[in-house]
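Only one structure is covered here, and it is reproduced in the block below.
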Amino acid sequence: MEAVVDLHDAVVLLGRFPALAGVTVTIGAGELVVLRGPNGAGKTTLLRLCAGLLPRVRGSATVLGLDTEHGARALARRVGLLGHRNGLYEDLTARENMRFWGRAIGASRDEQNAALAALGIEGRLAEVAVGRLSAGQRRRTALAVLAARRPELWLLDEPHTGLDTDGRDRLDGLLRAAVTAGATVLLASHDLDRAAGLATRTLTLVGGRVAGDEPAAVPPAKGGGPC
Amino acid sequence: MLRAALLVAGKDLRIEWRSKVGIVQVLPFAMAVLVLFAFALDGNRSTLRDVTPGLAWIAMLLSLLLGVQRAFGPETADGALDALRLSGLEPSGVFLGKAAALAAQLLALGMLLGIGVALFYGPDAPGVGGWVVLVTTVVVATTGLAAVGTLYGALSAGIRVRDTLLPILVLPVVMPVLIAATRAVEASLGIGAELTDAWPWVGLLAVFTLAYTALGLLAFGPLLEET
């Protein structure tokens, strides 16, 4: 299986603190890997490293065949990161946010509309300023922007947070559809019940190191989804 | 690069139009500065006329600080800077777009400040040649201020104390603009100088603007990566 993420003894410092203290892991194409671990374990740092947003001080980090530092510009076009924050402009409507990010990443108008519809951001809701939407609706908008991007590697940090049951179901369907289409997903979550139903593999981080690497107990349901 | 610049400038101006911060906060602030100077100088019309150019540019510089904070506030409020880095947009295009949007706002502010100056300070109206110098000076100087503001706005965007740091960084750097623009406007209004004395100052402003625009085009990418 082709390696999408290939980290070897990767060390990342946040200030002087080693947020990743020598992580070695390989993730293949089409895997949906759930990252778990206590707060401060290094999950967010690992996702940001894979997105090319953080420098490492030791080891190697290759994502989609590109070095995360020297190939960061080329990598940026191929990964999609949704962190704790949504990356939206509060004064713009959901649709205007989608238009801006959609044009930036080269998504067609149809792809943008389909992604918004897949997350349930339609009609008058799409014309409301993001600052006036609920936390869940903002999260859905951010997920729609990510879906329109069609990344090869999805990097998601607590993506279920703030979503209602319908939103969580839509997100799960979106991720299954992405994996079916050949994408790879790396998802940090504390919602282990929800994540377990998606995962092909679970990585456990503790203190900036990989403390566990297990295949999913039950293979997740394949395919299907709103997008 | 031009596509990215147009996209980002359009987005920034749309945000500004929606939020109305420029109209309801920055403009009243600039006008208040003009009125305060008038009170501080005891309403002496002849003194006010002599110092009109310098006071107007000081009001402009103080307003620039608010404008820069506004330009980068929406980028940092919900993590949009990370999304910009991952969007694949040329950083130089992002710089040009943000600087162009800021320059457009400063130009609009400059025109309204000009009306305020005419009302509060009562300077003599310039002749045709004076108007040419005046308009050229305002356009070149505000473009230079926007370039500097965008560069230092990006530099301080990821810093927790950016609101207090920004004036310390920007005000010393824009000192040449204050001096050159003040001298040029004095000459355009016939205050202690001939009209022909203005052009060397306008030339200095043009060099300053070109230098900081070039610096911004080169440095904006690395600055974004560091924020």
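The values are calculated or read from the model by the stated rules, or taken from the named source; none is laboratory data. Quick caveat: nothing in here was measured; it's all calculated off a predicted structure. Cβ coordinates were reconstructed from backbone atoms using ideal geometry, including for glycine residues, and neighbour counts include every protein chain displayed. Accessible surface is based on the protein model in full, side chains and every heavy atom, while ligands, DNA and RNA are left aside. Shrake-Rupley method; radii C 1.70, N 1.55, O 1.52, S 1.80 Å.
Are there helices (runs of 4 or more DSSP H) fully within region A:67-121 with at least 1 residues that are at the interface with chain B (Cβ under 7 Å from one of its Cβ atoms)? List them.
Fully inside region A:67-121 and qualifying: A:72-76, A:94-105.
Give me a count of the residues in region A:152-162 that are assigned to a loop (DSSP other than H, G, I, E, B) and surrounded by 22 or more Cβ atoms within 10 Å (Cβ to Cβ).
Of region A:152-162, the ones assigned to a loop (DSSP other than H, G, I, E, B) are A:152, A:158-162.
Cutting the leftovers down to surrounded by 22 or more Cβ atoms within 10 Å (Cβ to Cβ) gives us A:159.
Summing the residues that are assigned to a loop (DSSP other than H, G, I, E, B) and surrounded by 22 or more Cβ atoms within 10 Å (Cβ to Cβ) in region A:152-162 gives 1.
Which residue, of B:Ala9, B:Ala77, B:Ala40, is closer than 30 Å to A:Ala72 by Cα, among the hydrophobic types (A, V, I, L, M, F, W, C) and either out of contact with any Gly (no Cβ under 6 Å at 6 or more places or on another chain) or more than 13 Å from chain A (Cβ to nearest Cβ) (or both)? Working first, answer last.
Values: B:Ala9 fails: either out of contact with any Gly (no Cβ under 6 Å at 6 or more places or on another chain) or more than 13 Å from chain A (Cβ to nearest Cβ) (or both); B:Ala40 fails: closer than 30 Å to A:Ala72 by Cα.
One residue alone meets the criteria, B:Ala77.
Can you give me the ranges of the strands (runs of 3 or more DSSP E) entirely in region A:1-47 with at least 3 residues that are within 13 Å of A:Ala61 (Cα to Cα)? Working first, answer last.
Values: elements: A:3-14, A:17-28, A:32-36.
Counting at least 3 such residues, we get A:3-14, A:17-28.
Of the residues that sit in region A:14-25 and are open to solvent by less than 70 Å² (accessible area, probe 1.4 Å) and not small (Gly, Ala, Ser), which one is nearest to A:Ala183 (Cα to Cα)?
A:Val25
One line per residue, one yes/no per condition, for (1) modelled with pLDDT under 90; (2) outside the structural domain of A:Lys43 (by TED's automatic domain parsing):
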residue: A:Glu127; (1), (2): no, yes
residue: A:Ser134; (1), (2): no, yes
residue: A:Asp169; (1), (2): yes, no
residue: A:Leu186; (1), (2): no, no
residue: A:Ala195; (1), (2): yes, no
residue: A:Pro219; (1), (2): yes, no
residue: A:Gly223; (1), (2): yes, no
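Are there any pairs with C-beta distances below 6 angstrom linking a residue in region A:28-57 that is closer than 16 Å to A:Val79 by Cβ to a residue that is polar (S, T, N, Q) and open to solvent by 10 Å² or more (accessible area, probe 1.4 Å), with the two at least 6 apart or on different chains, and if so which?
Close Cβ pairs (under 6 Å, with a partner that is polar (S, T, N, Q) and open to solvent by 10 Å² or more (accessible area, probe 1.4 Å)) amount to A:Glu31/A:Thr200; A:Leu32/A:Thr200.
Could you check B:Ala118 against (1) without any contact (Cβ under 8 Å) to a residue 24 or more places away in the chain; (2) open to solvent by less than 10 Å² (accessible area, probe 1.4 Å) and say which number it fails?
It is condition (2) that B:Ala118 fails.
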